[in-house]
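Everything below concerns the one structure shown next.
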Amino acid sequence: MLLQIENLMKSYDGADGPVPVLRGVDLQLDAGETLALTGESGSGKSTLLHLVGGLDSADSGHIRLDGRDITGLDDQGRADLRRREVGVIFQQFNLIPSLDVAANIAFQARLAGVNDPTRVSDLAGALGLAEHLHKYPEALSGGQQQRAAIARTLMARPRLVLADEPTGNLDEATASEVLDQMLGLVAQTGAALMVVTHSASVAARMGRVVHLSQGQLA
Ligand code: ADP
Ligand code: MG
């Protein structure tokens, strides 16, 4: 078992007190598994992804990665987790505008102390970015920017890849192509993949689909 989520709770502060978003989420994911996380807008999908990715902390419950409880990590521990073990891909790509594509791809792995130019070129090649390595993000199409973001995430060989509406900003044909490439590369690394999506066609490509509703998974 790679990921084990147990009775996870998270509330946000509202005007009239805490507003519960996750009310006891349970989920298990094996290494190499692919999972779609669906649910209405505002149901807490991004919140759940952020907790697993160490971008925010839960109120209670447990998240275990390879049996290690990551729920109580401090900021430094969560930063290490994001650099080495869990990779997050966002709908908005989040590339660094002042770095070219090669430097963007290398960025996260560098923070983890990995300098591997060969892997940068290999990933860029696999994602059709070989001709674009010295361009800046603003000169790329949306699909190319997301491919660069995928490469950046996979550089550090995370065991778990989390993607929040990764193709939500792309047209249908580009989305399908980017999804194919992401699934292929994730499968190569043996990582598990959890994808938040509104799209039935994206969900259908994953090995399993879970639905978040009323703060719980079904
Ligand atoms: P989804 O990704 O499924 O659309 P989110 O996880 O983004 O849902 O949000 C779930 C609920 O929590 C929403 O009602 C949203 O307004 C609220 N929420 C999310 N982030 C915050 C925050 N940082 N502070 C306060 N409320 C938040
Ligand atoms: Mg969201």
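Things worth noting here:
- Hits in region 53-73 - residues which are farther than 24 Å from residue 32 by Cβ, buried (at least 16 other Cβ atoms within 10 Å of the Cβ) and modelled with pLDDT of 95 or more: 58, 61
- Contact map, region 45-59: residues that are acidic (Asp, Glu) paired with residues that are assigned to a helix (DSSP H, G or I), Cβ distance under 6 Å, separation 6+ or inter-chain. Pairs shown: 56/50.
- Among residues of region 159-186, those that are open to solvent by 40 Å² or more (accessible area, probe 1.4 Å) and closer than 23 Å to residue 1 by Cβ, counted: 1
- Residues within region 160-181 that are within 11 Å of the chain's Cα centre (by Cα), more than 16 Å from ligand 2 (Cβ to nearest atom) and not β-branched (Val, Ile, Thr), tallied: 1
- In region 162-206, the residues that are among the charged types (D, E, K, R) and within 16 Å of ligand 1 (Cβ to nearest atom): 164, 165
- Residue within region 123-143 that is crowded, with 16+ Cβ neighbours inside 10 Å, among the polar types (S, T, N, Q) and without any contact (Cβ under 8 Å) to a residue 60 or more places away in the chain present: no
- Residues satisfying the stated conditions in region 74-86, i.e. open to solvent by less than 70 Å² (accessible area, probe 1.4 Å) and over 15 Å from residue 160 (Cβ atoms): 77, 79
- Every condition in (1) within 16 Å of ligand 2 (Cβ to nearest atom); (2) within 23 Å of residue 120 (Cβ to Cβ) holds for residue 151 except the one numbered (1).
- Lone qualifier among 197, 153 - being more than 19 Å from residue 38 (Cα to Cα) and polar (S, T, N, Q): 153
- Annotation note: of 45, 10, the sole residue that is in contact with a Ser or Thr (Cβ under 7 Å, 6 or more places away or on another chain), among the basic types (Lys, Arg), within 16 Å of ligand 2 (Cβ to nearest atom) and at pLDDT 95 or above is 10.
- Candidates 128, 143, 113, filtered to the one that is closer than 25 Å to residue 78 by Cβ and either out of contact with any Gly (no Cβ under 7 Å at 6 or more places or on another chain) or polar (S, T, N, Q) (or both): 113
The values are calculated or read from the model by the stated rules, or taken from the named source; none is laboratory data. Worth saying up front: this structure is predicted, and the values here are computed from it rather than measured. Every residue, glycine as well, gets a Cβ built from its backbone with ideal geometry; the counts of neighbours run over all protein chains shown. All accessible areas refer to the heavy atoms of the entire protein, side chains included, with ligands and DNA or RNA removed. Shrake-Rupley method; radii C 1.70, N 1.55, O 1.52, S 1.80 Å.
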